[in-house]
1. Give just the number: which of (1) over 15 Å from the mean Cα position of the chain (by Cα); (2) open to solvent by 40 Å² or more (accessible area, probe 1.4 Å); (3) farther than 16 Å from Leu167 by Cβ; (4) not hydrophobic (A, V, I, L, M, F, W, C) does Glu19 not satisfy?
2. Return yes when Val177 is assigned to a helix (DSSP H, G or I), touching a Pro at 6+ places or on another chain (Cβ under 7 Å) and either at pLDDT below 95 or open to solvent by 60 Å² or more (accessible area, probe 1.4 Å) (or both) and no when it is not.
3. Going by the structure shown, is Gly35 surrounded by fewer than 14 Cβ atoms within 10 Å (Cβ to Cβ) and at pLDDT 90 or above?
4. Tell me whether region 57-64 contains one or more residues that are within 15 Å of the chain's Cα centre (by Cα), more than 26 Å from Tyr93 (Cβ to Cβ) and of a type in the set (Val, Ile, Thr).
5. If you scan region 42-58, which residues turn out to be assigned to a helix (DSSP H, G or I), exposed (fewer than 14 other Cβ atoms within 10 Å of the Cβ) and not hydroxyl-bearing (Ser, Thr, Tyr)?
6. Which residue, of Tyr46, Tyr80, is among the hydroxyl-bearing types (Ser, Thr, Tyr) and closer than 26 Å to Tyr152 by Cβ?
7. Out of everything in region 80-105 that is free of Cβ contacts under 8 Å to residues at least 40 places away in the same chain and open to solvent by 80 Å² or more (accessible area, probe 1.4 Å), what residue ends up being nearest to Leu32 (Cα to Cα)?
8. Can you name the condition, by its number, that Ser133 falls short on among (1) open to solvent by 70 Å² or more (accessible area, probe 1.4 Å); (2) at pLDDT 90 or above?
Amino acid sequence: MTNLSTYTEELFKDMYWKELDRKDRINSNLTLPAGILTVLAGVGAYYIQHFPSPQWELWTISFIVLSLFLCTTIVFAVYYFSRAYHLGSAYGYIPTPKEIAQYILDLKNYYASIKEPNVDELVEDDLRIFLVSKYSEFCTMNTQNNDEKSKYLHRSNVMISISLVILFFSLFPFYMVYHSDSKMQKSEIVNKK
């Protein structure tokens, strides 16, 4: 075995395991956005429950516009988050020990059937080539999946940040609209003479 083949074998193996670690880190980074999205959805539901009657006042219009922007950014954040969660992504994994053992057995049977003298050496070389190709194939697949997940997680985080800014700016109009409703109770003027 040459130095180049040893180098590529170690490189592909290392890259494969690093991509699996990266997958775990990306998945663990999904928890904070999930919690923030839950809070944002709760605030959005509260806004909808206490939505003001349409009036042509500055605070009402600004609250309605900000609420629409908030809902829009929440929808985009949820969409990007669901893409980052990537329920349908298929990660590649090296063959199981049982599959490798079967591959070795098949190689030994093949080389024995054609009466090769160096069966063990040939099997070892073929197995190494097989595993290096699997490391290369699945590392490439996992890298592409992780890149996609990272991209959508980043977009989700951007949308969540924009949602939080909009939420902050919508609090004051909401407060003004919600507390400006005249909740006049029945008043009666009584003349006591």
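1. Every condition holds for Glu19 apart from (2).
2. Values: assigned to a helix (DSSP H, G or I): yes; touching a Pro at 6+ places or on another chain (Cβ under 7 Å): yes; either at pLDDT below 95 or open to solvent by 60 Å² or more (accessible area, probe 1.4 Å) (or both): yes.
Criteria met by Val177.
3. Details: surrounded by fewer than 14 Cβ atoms within 10 Å (Cβ to Cβ): yes; at pLDDT 90 or above: yes.
Criteria met by Gly35.
4. To start, the set of residues in region 57-64 that are within 15 Å of the chain's Cα centre (by Cα) comprises none.
So far as region 57-64 goes, no, none of its residues is within 15 Å of the chain's Cα centre (by Cα), more than 26 Å from Tyr93 (Cβ to Cβ) and of a type in the set (Val, Ile, Thr).
5. Taking region 42-58 as the starting set, the residues that turn out to be assigned to a helix (DSSP H, G or I) are 42-49, 58.
Okay, now just the ones that are also exposed (fewer than 14 other Cβ atoms within 10 Å of the Cβ), so 42, 45-46, 48-49, 58.
Scanning region 42-58 gives Gly42, Ala45, Ile48, Gln49, Leu58.
6. Going through Tyr46, Tyr80 in turn, just one is among the hydroxyl-bearing types (Ser, Thr, Tyr) and closer than 26 Å to Tyr152 by Cβ: Tyr80.
7. First, pick out the residues of region 80-105 that are free of Cβ contacts under 8 Å to residues at least 40 places away in the same chain: 82, 87-88, 95-105.
When the remaining residues are screened for being open to solvent by 80 Å² or more (accessible area, probe 1.4 Å), the result is 87, 97-99, 102, 105.
Details: Leu87: 18, Pro97: 37, Lys98: 39, Glu99: 39, Gln102: 44, Leu105: 48 Å.
Checked region 80-105; the qualifying residue nearest to Leu32 (Cα to Cα) is Leu87.
8. Only one criterion is unmet by Ser133, namely (1).
The values are calculated or read from the model by the stated rules, or taken from the named source; none is laboratory data. It should be emphasised that the depicted structure is a prediction, and the values quoted were computed from it without experimental measurement. Cβ sites come from the backbone with ideal geometry, for glycine too, and all protein chains shown count toward neighbours. For accessibility, only protein heavy atoms count, side chains too; no ligands or nucleic acids. Shrake-Rupley method; radii C 1.70, N 1.55, O 1.52, S 1.80 Å.
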